[in-house]
Amino acid sequence: MNGSLRSSDNVMDIRLKRGPAGLGFNIVGGVDLQYVVNDSGIYVSKIKEDGAAALDGRLQEGDKILAINGIQLKDMTHKAAVDIFRTAGEDVELRVLKNIPPHMNGPSDSQTEPHSSALCGSRCNGKVSPDEASDGFSCSAER
C-alpha cells in the first residue's frame, strides 16, 4: 500500500510499490548532467501513464528527489542515482522536495515539456547507454 509522511511544507516522503512497469517515472540530473543551473540534484522529468507514481498521484514532474530508501542523492552522478533506483527493491520510499510553481497573475502561455537531458526508467536493467532522442543518457526499463 502506498502512503506518505509529511516532513515539512515542501518536503514529502512518498512510498511506492514497484508495479509491472516499475515505479513509472523518469529522472534527469546529477553532478555530471545538471538539469537545473547550479543544482546537481535529481529531478522527475516524466510521470508514465498507469505507472505506480501516476496511480499514486503525489509525485509530479519537476519534483526533486532528495533520497531513495534513506540514501541521500546529493552530489551523485546520474548513473549512481540510476543504480540506486535499480536496486531499491519492491517497496521504495522517496523523500521529495515538491516543485512549487511560481504564482502568476493573469493568463499564462502554454507550457512546453522541458527537454530531458537524461532519462531513467524506474525499473532499470543496469544498461545505461547514449540516448539518441536527447543529449544525455537513457536507462532501459526492461526486466
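The values are calculated or read from the model by the stated rules, or taken from the named source; none is laboratory data. Computed from a predicted structure; not experimentally measured. Reconstructed Cβ throughout: ideal geometry from the backbone, glycine too, with neighbour counts over all protein chains shown. Just the protein is used for accessible areas: all its heavy atoms, side chains included, with ligands, DNA and RNA removed. Shrake-Rupley method; radii C 1.70, N 1.55, O 1.52, S 1.80 Å.
Straight-line cross-link partners of Lys64 among the lysines, defined as a Cα under 16 Å from its Cα and at least 8 positions apart when in the same chain: Lys46, Lys74, Lys98. Placing R0 at 41 angstrom, the Cβ-Cβ distance between Glu49 and Asp75 gives a FRET efficiency of 0.80 after rounding to 0.05. Once backbone amide H atoms are built at 1.01 Å from N, Ala67 has Leu73, Arg95 as its partners under 5 Å, excluding neighbours fewer than 5 places away on the same chain. Accessible area per residue was computed with a 1.4 Å probe on protein heavy atoms; Lys48 scores about 60 Å². Annotation: per residue accessible area for the range 1-86 equals 49 Å², rounded to a whole number [probe 1.4 Å, protein chains only].
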